[in-house]
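Below: one structure, written as structure tokens.
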Amino acid sequence: MSDVVPIKLVCLDLAGTTVGDIAMVERAFAEAIATQGIVPGTGAYARAMVHVHRSRGRPKIDVFRGLFPGNEAQAQAANLTFERSYEGALERAGLVPVPGVLEVLDKLRGTGIKLALITAFSRVTLSRVLSVLGWHDKIDLAISPEDAGGRGRPWPDMVLHAVLRLGVEDVRQVAVIGDSESDMLCGKRSGASIVAGVMTGVHSRERLLKGGATHILDSIADFPSLVLSDDLGTTQIASSAR
């Protein structure tokens with residue numbers, strides 16, 4: 001008799017997982033850092049961008065606090081610049097969904113699975129993103145760190161907030177998908193049965209596995225067959241060994 005628990009809730013990351021805005025995010029970080037005197041071509045800038053890359057998936061304000069420890073005013077100023085830069089890019093260029101993502105959302109919802117977007121963006125930026133994407137009828141919930149008491153990834157709070165808001169009975173009925181090590185840590189710490197890392201984003205296969213990925217996928221297009229599978233253990237071995 002199978003002991004596989006059916007998935008009732010899927011928590012999806014935004015940047016690099018469901019939308020292809022990695023370059024926009026990188027530019028916004030670069031502009032924000034430059035306003036604080038860390039400019040391209042310097043060693044300080046190179047070190048700052050390494051920190052940004054390693055911290056992807058975490059709340060943006062936390063990234064800047066790591067760059068400017070002990071200087072909350074500087075971190076807040078950089079974060080404000082980041083949000084303005086990113087939102088300006090949204091207005092100019094819009095957002096492009098990752099290939100196949102709309103079909104994925106429709107397929108999962110068609111089976112009765114609840115969908116929650118979880119993100120490191122602030123609530124203000126997340127609202128702007130949702131307005132640009134027009135996905136309000138495709139998801140059940142969209143969560144920023146502020147919505148979950150202020151703690152974003154790698155903490156499990158946003159996933160657990162979705163569990164409570166959407167009435168899921170068991171954390172084992174949750175699947176999480178993302179492209180960063182922080183996404184994987186968040187999913188693992190929440191108790192989700194599936195913590196899937198996708199190779200369309202910022203972190204390597206090794207970083208995703210280090211964070212606790214149970215599965216590695218080429219893209220989100222491979223996700224429905226995993227979530228709807230009756231044999232998750234076999235899938236885990238196959239995908240993690242590729």
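Residues of the range 41-53 that are free of Cβ contacts under 8 Å to residues at least 40 places away in the same chain and part of a helix (DSSP H, G or I): Gly43, Ala44, Tyr45, Ala46, Arg47, Ala48, Met49, Val50, His51, Val52.
Here's a check for you: in the range 1-24, which residue that is within 18 Å of the chain's Cα centre (by Cα) and in a loop (DSSP other than H, G, I, E, B) is farthest from Ser225 (Cα to Cα)? I'd like the intermediate steps shown before the answer.
Here is the first cut: in the range 1-24, the residues within 18 Å of the chain's Cα centre (by Cα) are 9-24.
Add one more test, that the residue is in a loop (DSSP other than H, G, I, E, B), and what stays is 13-14, 16-18, 20-21.
Working: Asp13: 18, Leu14: 20, Gly16: 20, Thr17: 16, Thr18: 17, Gly20: 22, Asp21: 25 Å.
That would be Asp21.
Out of Arg27, Arg56, which single residue is in a loop (DSSP other than H, G, I, E, B) and in contact (Cβ under 8 Å) with a residue 60 or more places away in the chain?
Details: Arg27 fails: in a loop (DSSP other than H, G, I, E, B).
After ruling out the rest, the residue left standing is Arg56.
Restricting to the range 78-100, and then to whatever is closer than 18 Å to Val63 by Cα and of a type in the set (Gly, Ala, Ser), can you tell me which residue is most open to solvent (accessible area, probe 1.4 Å)? That would be Ser85.
Summed over the range 32-48, the residues that are closer than 22 Å to Gly201 by Cα and surrounded by 17 or more Cβ atoms within 10 Å (Cβ to Cβ) give a count of 3. Just one of the numbered conditions (1) part of a loop (DSSP other than H, G, I, E, B); (2) over 25 Å from Arg189 (Cβ atoms); (3) open to solvent by 10 Å² or more (accessible area, probe 1.4 Å); (4) in contact (Cβ under 8 Å) with a residue 12 or more places away in the chain is not true of Ile139: (2).
What is the number of the single condition among (1) open to solvent by less than 10 Å² (accessible area, probe 1.4 Å); (2) in contact with a Gly (Cβ under 7 Å, 6 or more places away or on another chain) that Leu126 does not meet? Going through the list (1) open to solvent by less than 10 Å² (accessible area, probe 1.4 Å); (2) in contact with a Gly (Cβ under 7 Å, 6 or more places away or on another chain), Leu126 breaks only (2). As a summary of the residue check, Pro224 satisfies the conditions (1) more than 16 Å from the chain's Cα centre (by Cα); (2) free of Cβ contacts under 8 Å to residues at least 40 places away in the same chain except for the one numbered (2). Taking the range 205-233 as the range and being at pLDDT 95 or above, open to solvent by 40 Å² or more (accessible area, probe 1.4 Å) and in a loop (DSSP other than H, G, I, E, B) as the test, only Asp218 passes. Condition check: of a type in the set (Ser, Thr, Tyr), at pLDDT below 95 and within 22 Å of Thr111 (Cα to Cα). Does Ser193 satisfy that? Taking the combined requirement at face value, the residue does not satisfy it.
The values are calculated or read from the model by the stated rules, or taken from the named source; none is laboratory data. Quick caveat, the model's predicted, so the values are computed rather than measured. Here the Cβ is made from the backbone with ideal geometry for all residues, glycine too, and neighbour counts use every protein chain on show. Calculation scope for accessible area: heavy atoms of the full protein, side chains included, ligands and nucleic acids excluded. Shrake-Rupley method; radii C 1.70, N 1.55, O 1.52, S 1.80 Å.
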